[in-house]
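Structure first, commentary second.
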Amino acid sequence: MGATHEVWLTTDTGTRLKLLETFERLEYSMAFHQVGTCQLVLPGSFDKTLLQVDRKLCVSRAPEGGSMALQRVYFIRKLTDNTDNDGNRRLTVFGLDGNDLLRRRIVAYYAASAQASKTAVAADDMMKSVVNDNHSAGAPAARQLSTTYFTIQANATAGPVVTKEFAWRNVLSVLQDLVATAIEAGTDVYFDVVRLNESQFEFRSWI
């Protein structure tokens, strides 16, 4: 029989709206240091007004003989409404996972500022500092994501010590560069925006 999947549609804050029981196809990916994607095909009769941008697709999986567990949460970014040559109408929903929160921001600080130039800091801690300065408590109030929905794991200071400057660069790109720098220094460092539940994400880095 194999694994089974369940997909819940929620609001942007994680409140459940509808169990998507009639999907025709589900494809999703998860990848360290990259933005994972999701594609869900629904019958054309589905109420597409529910499928608003930044609402979430919460994908759970149960292995054969096992229990259902949340795998990944994807922000809806695009919806297409198509009819095939046989007259069958379908809605295709495209989503991006929590790492897209990193891709959506730049390091909005001038060169040589404390937020854009860091010296002799463990690579895993520097990643968390970059995210904090652009998404959380270290950012200006207008750029802060609520801790109700986004948190940052505590520092572990486990990676190699590095020095970097990255003013006005994309946050995801900066983190990917730090991964490459850590590998060159002899230690593999990883990062990911993981789902704690359907409403809350957490940025984590580890070796």
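In straight-distance terms, cross-link reach from Lys164 covers every one of the aspartates and glutamates whose alpha-carbon lies under 13 Å from its own, apart from those fewer than eight places away in the same chain; here that gives Asp124, Asp125, Asp177. When His33, His135, His5 are compared by accessible area at a 1.4 angstrom probe, the order from most to least is His5, His33, His135.
Counting Lys and Arg as +1 and Asp and Glu as -1 over every other residue whose Cβ lies under 9 Å from the Cβ of Trp8, the net charge comes to +1. A DSSP coil position with no more than 15 other Cβ atoms inside 10 Å describes the following chymotrypsin sites (Phe, Trp or Tyr not before Pro) in the stretch 1-82: Phe32.
This model, with +1 at the C-beta of Lys and Arg and -1 at the C-beta of Asp and Glu, gives the chain a dipole about its Cα centre of some 480 debye.
Multiplying the residue separation of Phe94 and Arg143 by 0.36 nm and removing their Cα-Cα distance gives an extension gain of 15.1 nm. Length gained on full extension, Glu64 to Thr187, computed as 0.36 nm times the residue gap minus the Cα-Cα distance: 40.6 nm. Here the Gaussian network model covers the chain, with springs between Cα atoms less than 10 Å apart; of Arg103, Arg143, Arg89, Arg89 fluctuates the most. Over all other residues within a Cβ to Cβ distance under 13 Å of Gly44, the charged ones net out to -2, with Lys and Arg as +1 and Asp and Glu as -1. Enter the angle in degrees (range 0 to 90, nearest 10) between the Cα long axis of helix 123-135 and the first principal axis of the Cα atoms of the chain, meaning the one along which they spread out most. Around 70 degrees separate the two axes. Across Asp84, Asp47, the residue with the most accessible area heads the list, and the full order at a 1.4 Å probe is Asp47, Asp84.
Relative contact order of the chain, taken over Cα pairs closer than 8 Å and 6 or more residues apart, is 20 percent. Placing a pseudo-label 7 Å from each Cα along the Cα-to-Cβ vector at Ala112 and Ala167 gives an inter-label distance of 0.8 nm. Remark on Ile106: its backbone amide H falls under 5 Å from those of Val171, a criterion applied only to residues 5 or more positions apart or on other chains, H modelled at 1.01 Å from N.
Near Gln71, once Lys and Arg are set to +1 and Asp and Glu to -1 for all other residues with Cβ below 12 Å from its Cβ, the sum equals 0.
Within the accessible area of the chain, the carbon and sulfur atoms contribute 48%, probe 1.4 Å, all protein chains present.
The residue among Met126, Gly159, Ala141 whose Cα reaches farthest toward the positive pole of the charge dipole of the stretch 99-164, with charges on the beta-carbon of Lys, Arg, Asp and Glu, is Ala141. Between the helical axis of 171-184 and the longest alpha-carbon principal axis of the chain there is an angle of about 60 degrees. Cross-link reach is defined here as a Cα-Cα straight distance under 16 Å, omitting same-chain residues fewer than 8 places apart; for Lys78 the aspartates and glutamates meeting it are Asp12, Glu27, Asp47, Asp54, Asp97, Asp100.
Which value, in Å² and to the nearest 10, is the accessible area of Met68 when all protein chains are kept and the probe is 1.4 Å? My reading of the accessible area for Met68 is about 80 Å². Computed from the C-beta positions of Ala180 and Lys78 and an R0 of 22 Å, the FRET efficiency is 0.15 to the nearest 0.05.
The values are calculated or read from the model by the stated rules, or taken from the named source; none is laboratory data. The model shown is predicted, which means the values in this text are computed figures rather than measured ones. Quick reminder, even Gly has a Cβ in these numbers, built from the backbone with ideal geometry, and neighbours come from all protein chains shown. Calculation scope for accessible area: heavy atoms of the full protein, side chains included, ligands and nucleic acids excluded. Shrake-Rupley method; radii C 1.70, N 1.55, O 1.52, S 1.80 Å.
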